[in-house]
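Read through the structure below, which is laid out as structure tokens, and then see the notes.
The values are calculated or read from the model by the stated rules, or taken from the named source; none is laboratory data. Everything numeric in this text was worked out from a predicted model, so none of it was measured. Please note: Cβ atoms are built from the backbone with ideal geometry, for glycine as well, and neighbour counts cover all protein chains shown. Each accessible area value is taken on the protein alone, full model and side chains, heavy atoms only, with ligands, DNA and RNA left out. Shrake-Rupley method; radii C 1.70, N 1.55, O 1.52, S 1.80 Å.
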Amino acid sequence: MWERKDFLDVDSLSKEDIEMILDYSEVLETHSGRGSKLDICRGEILVTAFFEPSTRTEKSFEAAMYVLGGDVLLHHEAGSSRDKGESKLDTLRTLEQYSDIIAIREPEAGMMQRYADELDIPVINAGDGHNQHPTQAILDLFTIKKEIGCLDDLKVIFFGDLKYGRTVHSLIKALRLFGRNQFFGVAPRGLELPQSFAGNDYEEIDMEDVIKIKPDFIYATRIQKERMSLDDRDKYSYEINAAFLCKLPKHTKIMHPLPRVNEINIEVDKDPRFIPFKQVRNGLHTRMALIALLLNHEDELQKISK
Ligand code: NCD
């Protein structure tokens, strides 16, 4: 039974919550082929308020609500009364008057609880600064489960900007709810995983060690330049290319939340182990499941599960 009003971080989720979302994501995937629509959320409106750029997260929330049979309002900063000096909170309180659920992306870490306290409708964290991106973690888990059938006994190497990469922060926490997973990090000096996300199950390694570990997944991220000082922005570079992929075991999959800038060479795109666009597709069904649960449509989900 789903009983939460909001979806703000991975910390407040149990393994059972995650399994429930993943099970319903699978059901929704089988019930929503391209071009077909459900009527689970008919008459309801999702609003997105993204105070940072987005392609996949915003569009997948929009598509998810459409496929669930609901409607969508997109708030965009440019051209809104934010240009006249209106606060984010007043903007959100306004959008709340026209909608049943809201997905918010926010540059400041840790603001989501404040928004959730202020708003009566369910609030979904669509990324808060360098902190977390819990809906991405759900789609990443769904992808991993679809690829290898379970979420236990995995070796995962996080690669790139682990300091500011919020998708890594949420995914490592989510994977800790499952059994015996081992985590490794390859990061430029200065962009290592913060202590608050590292644990006994996490080890920093060098690029040369990656092959020895025989990981199940390498989860790469771009350098989050927008979170750095101007001086630091061009300081770091790293790349996964075809030569590197050749040395990896056949079972090692390459994941990335996207956008990719230059950390994965496009020469690897045709390799079946490169799966970021599968992650993108999985974002649709996991976000459908989340919206439906947060809008209390578990009965309808159960009905189509039979
Ligand atoms: C990520 C994000 O916004 O944190 N993108 C996404 O939502 N898929 C990763 C990133 O921006 O690098």
> Scanning for something out of contact with any helix residue (DSSP H, G or I) (no Cβ under 8 Å at 6 or more places or on another chain) and open to solvent by less than 30 Å² (accessible area, probe 1.4 Å), does the stretch 85-97 turn up at least one residue?
Replying inline: yes
> Restricting attention to the stretch 191-239, which residues are modelled with pLDDT of 95 or more and of a type in the set (G, A, S)?
Replying inline: S196, A198, A220
> Quick check: anything in the stretch 16-35 farther than 20 Å from L295 by Cβ, basic (K, R) and touching a residue at least 40 places away in the same chain (Cβ under 8 Å)?
Replying inline: no
> Does the stretch 27-52 hold any residues that are more than 16 Å from the ligand (Cβ to nearest atom) and either closer than 21 Å to L258 by Cα or of a type in the set (A, V, I, L, M) (or both), and which are they?
Replying inline: V27, L28, L38, I40, I45, L46, V47
>> Which pairs turn up if I take residues in the stretch 237-248 that are touching a residue at least 60 places away in the same chain (Cβ under 8 Å) and look for partners that are of a type in the set (D, E, K, R) and assigned to a loop (DSSP other than H, G, I, E, B) with beta carbon separation below 7 Å, at least 6 apart in sequence or on another chain?
In response: Y238/E263; I240/E263
> In the stretch 115-186, which strands (runs of 3 or more DSSP E) lie fully inside it and hold 1 or more residues that are outside the structural domain of R233 (by TED's automatic domain parsing), small (G, A, S) and surrounded by fewer than 24 Cβ atoms within 10 Å (Cβ to Cβ)?
Replying inline: none
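With R222, R260, R233, R227 as the choices, which residue is within 15 Å of the ligand (Cβ to nearest atom), closer than 30 Å to D9 by Cβ, over 22 Å from the mean Cα position of the chain (by Cα) and open to solvent by 40 Å² or more (accessible area, probe 1.4 Å)?
From the options R222, R260, R233, R227, the qualifying one is R233.
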> Does the stretch 194-223 hold any residues that are more than 19 Å from I254 (Cβ to Cβ) and either outside any strand (DSSP E or B) or touching a residue at least 60 places away in the same chain (Cβ under 8 Å) (or both), and which are they?
Replying inline: P194, Q195, S196, F197, A198, G199, N200, D201
> Just for the stretch 53-80: of the residues that are open to solvent by 30 Å² or more (accessible area, probe 1.4 Å) and touching a residue at least 40 places away in the same chain (Cβ under 8 Å), which one is farthest from the ligand (Cβ to nearest atom)?
Replying inline: A63
> How many of the residues making up the stretch 115-141 are over 16 Å from A64 (Cβ atoms) and polar (S, T, N, Q)?
Replying inline: 2
> Any chance the stretch 275-292 includes a residue that's surrounded by 17 or more Cβ atoms within 10 Å (Cβ to Cβ) and of a type in the set (S, T, Y)?
Replying inline: yes
